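The values are calculated or read from the model by the stated rules, or taken from the named source; none is laboratory data. Not measured: the values here are computed from a predicted model. Please note: Cβ atoms are built from the backbone with ideal geometry, for glycine as well, and neighbour counts cover all protein chains shown.
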Amino acid sequence: MDFRRIPPLDWMLGYQRPWLRLDLVAGLTAAAVIVPKAMAYATVAGLPVETGLYTALVPLLIYALLGSSRVLSVSTTTTLAILLAAQLDPSATAADKISATATLTAMVGFILLVAAVLRLGFVANFISEPVLTGFKAGIGLVIIVDQVPKMLGVHIDKGSFLHNVGEIVRHIPESAPPVVLISVATLAGIGLLHRFAPRLPAPLVVIAAAIVAVDWLDLGVRGVATVGAIPTGLPGWHWPEFDLGLIESYWPAAMAIALMSFTESIAAARVFSAHGEPPPVANRELFATGAANLAGAWFGAMPAGGGTSQTAVNRLAGARTQVAGLITAAATVAILLFLAPVLERMPQASLAAIVVAYSAGLISPADFVAIRRIRNVEFRWALVAVAGVILLGTLQGILVAVVVSLIALVHQSYMPAVYALGRKPGTDVFRQISPEHPEDETYPGLLLIRPEGRLYFANVQSVADAMLPIIEAANPRVVVLDLQAVFDIEYSALKRLVEADVNLRERGVELWITAANPGVLDAIRRSALGPLLGRERLIFTLADAVDRYRKSNRETRAITMQVK
């Protein structure tokens, strides 16, 4: 499907009146979750909390107009916030950070738009699920360690992950009891609300309670830092700084943020796509998130993407279309216009606790256990992704995640399965010979071998190495190479098969090929292997090959008996 041919606001086609109430409730519910979290994530990047509010407004509004998902909620996320934080200079002034954020967000939007034009939506599939699990767990650990000092009311000299852990341990005796108390209360409140009142917007409830506590208990004079002044009104115009030197230094971070923005967005859109709804269109998602980021950059927003938790809230609250997203944006406008003075009294410790509470969700031991139960090698890839983020940093960690995913892909295609086959008695079903099926039939002098996957230059040697001991152990007169699980064959593999045919004939062994699909069969016939095999040794099915071999054997025995 061409995303360029889909009109904006296509979700409005066929809009039904009963949906409006559902979208209204979902939009307000999502706003109650998104707004406090967006403000908290702004503090992760060292930005003013209003930056989070602007990110909950402009990108959400633009995506609602252009996106293909009916319920995806686009704002900032924990992953994007920490990636942005890794790029901003902690010692820079607030104005410089805002300017740098505008430039970086604009670059992210531009990269996503270019990717949409080039139809690169498939790129999201290049990070495997186990590696993404490890990357998110590493991000979660980094964010938690980053926020713990705020929850303790201490200041540390920040450095690497391990350095920060050591600094936190060293400064624990200096913790401020009122700050610790409000942090623990915030965490406990979120946990209890999720457990016993899951339909309530936990972040909004705990923030409201924290603001009341600051006023009633006069916590401001007891060392509990608050957010401070928040500009009232709609976001102003922010001009990104397009300096060539700045762009050159930012582009690796912009590429990483753009990749994660799209990956998180398309994953959340797919997960929460309901039966009967149009499926998310990858290239249109690139276009919509790109436009959302580019527009957001001019209004002081952070890099944005689809968030899983906020989209889940949107869907569970009953959202049917992006009208819910428009309602959320409208609620954010109301907060900016009327509630900014109230939000100024939010404790920084409560915002940090909200970040920690939702970042902990990125760390899923159950996912690691499930991966290990299925494949040890992918479990190791997940651990490598965790280590990449923790030891090398977030931006380098995403590079590790991509590289590890590609290595895993190459490794799987480099070592395809190769095994001997037996026949299930009384059927034409052929399966791998194993102790589980000792009754399967094999035939003296006949070896059936099946490789799986694409045969090409990188794996042809490993396939040959896997076949050789099987052939030597069987000592056959005929080797039947079953290609039904081979979807493509490349020139190097065909050349190696020619060499194998010559070597086998020198040992008195014939090579037959069976069950090749039309494309593979055509490649064989056009190569030097085709004339060598002729029609006689290119056989339609395994069953035909077995029947021919057994018939040939019977004829050979009959001739032998006549001679005797």
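Comparison of ALA329, ALA312, ALA360, ALA288 shows that the only residue that is assigned to a helix (DSSP H, G or I), over 21 Å from the mean Cα position of the chain (by Cα) and small (Gly, Ala, Ser) is ALA329.
Note on the stretch 426-436: residues that are surrounded by fewer than 15 Cβ atoms within 10 Å (Cβ to Cβ) and in a loop (DSSP other than H, G, I, E, B) total 7.
May I ask you to say which residue of GLY307, GLY318 is among the small types (Gly, Ala, Ser), touching a helix residue (DSSP H, G or I) at 6+ places or on another chain (Cβ under 9 Å), modelled with pLDDT under 90 and farther than 25 Å from PRO231 by Cβ? Exactly one of GLY307, GLY318 is among the small types (Gly, Ala, Ser), touching a helix residue (DSSP H, G or I) at 6+ places or on another chain (Cβ under 9 Å), modelled with pLDDT under 90 and farther than 25 Å from PRO231 by Cβ, namely GLY318. Scanning the stretch 463-480 for residues that are farther than 14 Å from LEU421 by Cα, not basic (Lys, Arg) and either not assigned by TED's automatic domain parsing to the domain that holds VAL502 or not in a helix (DSSP H, G or I) (or both) yields one hit, ASN475. Against the conditions (1) in a helix (DSSP H, G or I); (2) under 30 Å from PHE262 (Cα atoms); (3) of a type outside the set (Lys, Arg), GLY159 satisfies every one except (1). A residue that is touching a Gly at 6+ places or on another chain (Cβ under 7 Å), outside any loop (DSSP other than H, G, I, E, B) and within 23 Å of LEU112 (Cβ to Cβ) occurs nowhere in the stretch 232-241.
Checking the stated criteria, GLU344 turns out not to satisfy the condition of being in the same structural domain as LEU113 (by TED's automatic domain parsing) and modelled with pLDDT of 90 or more.
Here is a yes/no grid of residues against (1) aliphatic (A, V, I, L, M); (2) farther than 30 Å from VAL389 by Cα; (3) touching a residue at least 60 places away in the same chain (Cβ under 8 Å):
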{"site": "ALA32", "(1), (2), (3)": "yes, yes, yes"}
{"site": "GLY52", "(1), (2), (3)": "no, no, yes"}
{"site": "LEU60", "(1), (2), (3)": "yes, no, yes"}
{"site": "VAL71", "(1), (2), (3)": "yes, yes, yes"}
{"site": "THR76", "(1), (2), (3)": "no, no, yes"}
{"site": "THR79", "(1), (2), (3)": "no, no, yes"}
{"site": "ALA102", "(1), (2), (3)": "yes, no, yes"}
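Within the stretch 256-263, identify whether any single residue is in contact (Cβ under 8 Å) with a residue 12 or more places away in the chain, closer than 29 Å to ILE363 by Cα and in a loop (DSSP other than H, G, I, E, B), and answer yes or no. No, every residue in the stretch 256-263 fails to be in contact (Cβ under 8 Å) with a residue 12 or more places away in the chain, closer than 29 Å to ILE363 by Cα and in a loop (DSSP other than H, G, I, E, B). A single entry from LEU72, LEU112 fulfils the requirement of being out of contact with any Leu (no Cβ under 8 Å at 6 or more places or on another chain), surrounded by 21 or more Cβ atoms within 10 Å (Cβ to Cβ) and not small (Gly, Ala, Ser): LEU72. Being in a helix (DSSP H, G or I), buried (at least 18 other Cβ atoms within 10 Å of the Cβ), among the β-branched types (Val, Ile, Thr) and outside the structural domain of LYS551 (by TED's automatic domain parsing) holds for only one residue in VAL377, VAL386, VAL369, and it is VAL386. Against the list (1) of a type outside the set (Ser, Thr, Tyr); (2) surrounded by 14 or more Cβ atoms within 10 Å (Cβ to Cβ); (3) in a helix (DSSP H, G or I), the condition ALA301 fails is (3). Regarding SER492, is this residue assigned to a helix (DSSP H, G or I), modelled with pLDDT under 95 and closer than 23 Å to PRO531 by Cα? Yes.
Taking the condition touching a residue at least 60 places away in the same chain (Cβ under 8 Å) and in contact with a Leu (Cβ under 8 Å, 6 or more places away or on another chain), does ILE172 pass? Criteria not met by ILE172. Assuming LEU483 fulfils every condition listed in (1) modelled with pLDDT under 95; (2) not assigned by TED's automatic domain parsing to the domain that holds LEU259 apart from one, which condition is it? So LEU483 meets the others, but not (1).
Among the residues of the stretch 437-449, is there at least one that is among the small types (Gly, Ala, Ser), over 30 Å from ILE257 (Cα atoms), buried (at least 17 other Cβ atoms within 10 Å of the Cβ) and in the same structural domain as ALA543 (by TED's automatic domain parsing)? Steps first, please.
From the stretch 437-449, those among the small types (Gly, Ala, Ser) are 445; that's our starting set.
Narrowing the set further to residues that are over 30 Å from ILE257 (Cα atoms) leaves 445.
Next, from what is left, pick out any that are buried (at least 17 other Cβ atoms within 10 Å of the Cβ): none.
Scanning the stretch 437-449, I find no residue that is among the small types (Gly, Ala, Ser), over 30 Å from ILE257 (Cα atoms), buried (at least 17 other Cβ atoms within 10 Å of the Cβ) and in the same structural domain as ALA543 (by TED's automatic domain parsing), so the answer is no.
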